[in-house]
Amino acid sequence: VQLQASGGGLVQAGGSLRLSCAASGSIVSPNVMGWYRQPPGKERRLVALITSSGRPSYGDSDQNHFAISRDKGKDTVYLQMNSLKPEDTAVYYCSLRTLGQTLQYWGQGTQFTVSS
């Protein structure tokens with residue numbers, strides 16, 4: 001399984017950005033795709049997950065300015081980010097895991113910087 005993320009870059013505080021991640025290869029359903037982020041000098045943390053049936057969940061109640069979505073019938077996941085803050089600056093990683101299995105696939109990460 002390969003995951004290709006895109007959409008990172010530089011945005012001013014208060015702006016919006018959407019990240020995309022397309023999975024390819026031997027993908028098994030049902031599965032869950034998600035986004036994690038790793039700020040500079042900190043550990044990687046969960047942002048949001050979404051199942052292949054479209055059920056979302058979020059890892060941090062403070063991240064209510066994020067919205068995860070997924071194309072029906074496709075293994076592509078999006079992360080819409082609004083009202084961005086400098087503390088949202090991080091490398092964002094997408095992931096995929098088949099439900100019931102522990103193996104988790106990771107994308108290469110996409111850098112995202114919010115300037116104040």
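A few points about this structure:
- The set of residues from region 39-50 being in contact (Cβ under 8 Å) with a residue 24 or more places away in the chain and either among the β-branched types (V, I, T) or open to solvent by less than 60 Å² (accessible area, probe 1.4 Å) (or both) comprises P39, V47, A48, I50.
- Residue within region 61-76 that is within 20 Å of K42 (Cβ to Cβ), hydrophobic (A, V, I, L, M, F, W, C), in contact (Cβ under 8 Å) with a residue 40 or more places away in the chain and open to solvent by less than 60 Å² (accessible area, probe 1.4 Å) present: no
- Residue match in region 54-66 (condition: farther than 17 Å from V28 by Cβ, among the acidic types (D, E) and out of contact with any strand residue (DSSP E or B) (no Cβ under 8 Å at 6 or more places or on another chain)): yes
- Looking only at region 17-26, residues that are outside any loop (DSSP other than H, G, I, E, B) and open to solvent by 30 Å² or more (accessible area, probe 1.4 Å) come to 4 in all.
- Exactly one residue out of S53, S83, S29, S95 is small (G, A, S), in contact (Cβ under 8 Å) with a residue 12 or more places away in the chain and either closer than 16 Å to A5 by Cα or surrounded by 16 or more Cβ atoms within 10 Å (Cβ to Cβ) (or both): that is S95.
- Unique residue being among the hydroxyl-bearing types (S, T, Y) and on the phi > 0 side of the Ramachandran plot when the list is S83, S116: S83
- The lone exception for Q12 - which of (1) open to solvent by less than 50 Å² (accessible area, probe 1.4 Å); (2) modelled with pLDDT of 95 or more; (3) not β-branched (V, I, T) it fails: (1)
- None of S116, S95 is modelled with pLDDT under 95, of a type in the set (S, T, N, Q) and under 23 Å from G41 (Cβ atoms) except S116.
The values are calculated or read from the model by the stated rules, or taken from the named source; none is laboratory data. All values derive from a computational prediction rather than experimental measurement. Don't worry about glycine lacking a Cβ; one is built from the backbone with ideal geometry, like all the others, and counts go over all protein chains shown. Keep in mind that these areas ignore ligands, DNA and RNA; they rest on the heavy atoms of the full protein, side chains included. Shrake-Rupley method; radii C 1.70, N 1.55, O 1.52, S 1.80 Å.
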